[in-house]
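Okay, structure first, notes after.
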Amino acid sequence: MEKNLLRSKIVCPDYNKSYPSITHGLGCYLYDTDGTEYLDASAGSCAVSLIGHGDENIVTALAEQSKKVAVLPAHYLSAEVIQGYLKSLCEFSGFGHRAWTCSSGTEAVENAMKVALQYHQINGQPERFKILGRHGSYHGNSIFNLGVGGMPMRRASYKHLISDFAKVDASYSYRFADGDPDYGIQSAESLRACIEQEGPETVAAFIAEPVVGAALGAVPAADGYFERIREICDEYGILLIVDEVMSGMGRTGRNFAIEHYNCEPDILATGKGIGGGYFPLSAFIVNKRVADAFVGNNQAFLGGHTHACTPQAAAVGQYVLDYIKEHNIVAKAEADGLYMKQQLQDLLQYDIVGDVRGVGYMIGIEFVSDKTTREPFAPELNVSANIGQRLLEQGVILYPGKGSVDGYAGDHILITPPLTLTREQIDHMCHCLAVAIEQEMDELRRAHP
């Protein structure tokens, strides 16, 4: 079926396997050619289908805008739908003064970093070019972004092309806090040491996810972490970029996950669910300080993409923002996300479940071979992938991951459903997870008695 597809790690990866062919989706469900029903608790790959599948109204909004005008010669013209959407997006962020849309999370993050570099150039500091990041992070799949991110498996094939900027450890309470209430602040201080080592005059920005997604499996920052990060960035004149490609748009029970902390970013990148799963859309948003540097000096941002700031994208994005507001989706994600996390706590009874963490509708489960030492499984056992496959056989789709401990070992699974997921569907998913974990434990016992 996929004979013309060049497969990738997230698009039908196994050349020796045939994949179910989906005919349609409705709500949180997908249906294949055999009539099999799948609960899409991953929301695409992943956190993309924010408002569920088969929403006819968003399709109508896209079609109506397409009939009017789809794209523009943006070097000369604009449209009210674009300006209206950017205004709405800035207001939704709570801090933004200017915004810019593109097509993917990778583009949003890369352009956010470009804005940071140009900001310092405008201010007469062109020597500031380093973007500091964190180990156990993923910020997109371009060569530039891979150099800032910290996922060895994704970086290895391109190591000769990557500009490998310095990195600090992520704030990862399950692995490193050991019950220390000051862990968040202490882990943030590693950024200060890194800045001093690199030379403060060379550092442009620091980038981090408020809740680490694919790389670690829904790991929120420890208390006090981002507050101290903000202080350090201000002390050294460094911009703070938050990557909310996965965690944004209400997913964590806040408009953006950074709102869980007393911290305001300079630049925010978002994507995935921003288009509801119906249009390739992403964006970055800048605060007043960054915006004023460009506007006050009449400096245009040097980024440019064919499908940047299009009427089609704006129409879809506005529909999603209106849907979030009209259906009180952010409050629902907070309340039902708490319910889901509480239900998932039952999985801690199993010997291989080390941690259940996350916030809102962004939850992760980490699997370990020893709960006391938190020893990970050997990577070749593919524990999370096996559990994901066992779930698929029960008609439930989640997002398995690997490498959360050292980039290679460490199994986790992400739960990032549409924000329309019901409590009844949560209960069903939790039951299927328990069955899949029990099946995997039985197999591990047989293979390694």
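The values are calculated or read from the model by the stated rules, or taken from the named source; none is laboratory data. This one's a predicted model, so the numbers in the text were calculated from it and none came from an experiment. Heads up, the Cβs are rebuilt from the backbone with ideal geometry, glycines too, and the neighbour counts pull from every protein chain shown.
Here are a few things to note about the model shown:
- Residue 58 vs. criteria closer than 29 Å to residue 324 by Cβ, surrounded by 11 or more Cβ atoms within 10 Å (Cβ to Cβ), among the hydrophobic types (A, V, I, L, M, F, W, C) and free of Cβ contacts under 8 Å to residues at least 40 places away in the same chain: no
- Within this structure, residue 215 passes the test of being in the same structural domain as residue 91 (by TED's automatic domain parsing) and either free of Cβ contacts under 8 Å to residues at least 24 places away in the same chain or assigned to a loop (DSSP other than H, G, I, E, B) (or both).
- Candidates 35, 27, filtered to the one that is surrounded by fewer than 10 Cβ atoms within 10 Å (Cβ to Cβ) and in the same structural domain as residue 401 (by TED's automatic domain parsing): 35
- Per the conditions (1) closer than 29 Å to residue 101 by Cβ; (2) under 29 Å from the mean Cα position of the chain (by Cα), the sole criterion not satisfied by residue 68 is (2).
- Selected residue [without any contact (Cβ under 8 Å) to a residue 12 or more places away in the chain and under 26 Å from residue 174 (Cβ atoms)] from 259, 244, 231: 231
- If you go through the stretch 114-137 and keep only what is in contact with a helix residue (DSSP H, G or I) (Cβ under 7 Å, 6 or more places away or on another chain) and buried (at least 19 other Cβ atoms within 10 Å of the Cβ), you end up with 115, 119, 128, 130, 131, 132, 133.
- Lone qualifier among 287, 298, 262, 255 - being farther than 20 Å from residue 145 by Cβ, at pLDDT below 95 and not aromatic (Phe, Trp, Tyr): 262
- Qualifying residues in the stretch 386-425 (those that are touching an Asp or Glu at 6+ places or on another chain (Cβ under 8 Å) and among the hydrophobic types (A, V, I, L, M, F, W, C)) - the one surrounded by the most Cβ atoms within 10 Å (Cβ to Cβ): 421
- Selection within the stretch 155-198 - of a type outside the set (Gly, Ala, Ser) and free of Cβ contacts under 8 Å to residues at least 24 places away in the same chain: 155, 158, 159, 160, 161, 162, 164, 176, 178, 180, 186, 196
So that you can scan it fast, the table gives a plain yes or no per residue for (1) aromatic (Phe, Trp, Tyr); (2) under 24 Å from residue 38 (Cβ atoms); (3) touching a residue at least 40 places away in the same chain (Cβ under 8 Å):
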position: 341; (1), (2), (3): no, yes, no
position: 354; (1), (2), (3): no, no, yes
position: 379; (1), (2), (3): no, no, no
position: 393; (1), (2), (3): no, yes, no
position: 402; (1), (2), (3): no, yes, yes
position: 418; (1), (2), (3): no, yes, yes
position: 424; (1), (2), (3): no, yes, no
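- All conditions in (1) touching a helix residue (DSSP H, G or I) at 6+ places or on another chain (Cβ under 7 Å); (2) buried (at least 21 other Cβ atoms within 10 Å of the Cβ); (3) in a helix (DSSP H, G or I) hold for residue 232, with the sole exception of (2).
- For the stretch 1-33, filtering for residues that are among the acidic types (Asp, Glu) and closer than 25 Å to residue 420 by Cβ leaves 1.
- When restricted to residues that are of a type outside the set (Asp, Glu), part of a loop (DSSP other than H, G, I, E, B) and within 21 Å of the chain's Cα centre (by Cα), the stretch 166-193 contains 3.
- If you go through the stretch 238-290 and keep only what is of a type in the set (Asp, Glu) and over 15 Å from the mean Cα position of the chain (by Cα), you end up with 259, 264, 266.
- Checking each residue in the stretch 111-144 for being over 19 Å from residue 212 (Cβ atoms) and either part of a helix (DSSP H, G or I) or among the aliphatic types (A, V, I, L, M) (or both) picks out 111, 114, 115, 116, 117, 118, 119, 120, 121, 122, 143, 144.
Okay, residues lined up against (1) at pLDDT 95 or above; (2) touching a strand residue (DSSP E or B) at 6+ places or on another chain (Cβ under 9 Å); (3) more than 20 Å from residue 412 (Cβ to Cβ):
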| position | (1), (2), (3) |
| --- | --- |
| 166 | yes, yes, yes |
| 178 | no, no, no |
| 199 | yes, yes, yes |
| 205 | yes, yes, yes |
| 218 | yes, yes, no |
| 229 | yes, yes, yes |
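- Selection of the stretch 318-353 for residues being assigned to a loop (DSSP other than H, G, I, E, B) and either of a type in the set (Gly, Ala, Ser) or within 19 Å of residue 383 (Cα to Cα) (or both) yields 350, 351, 352.
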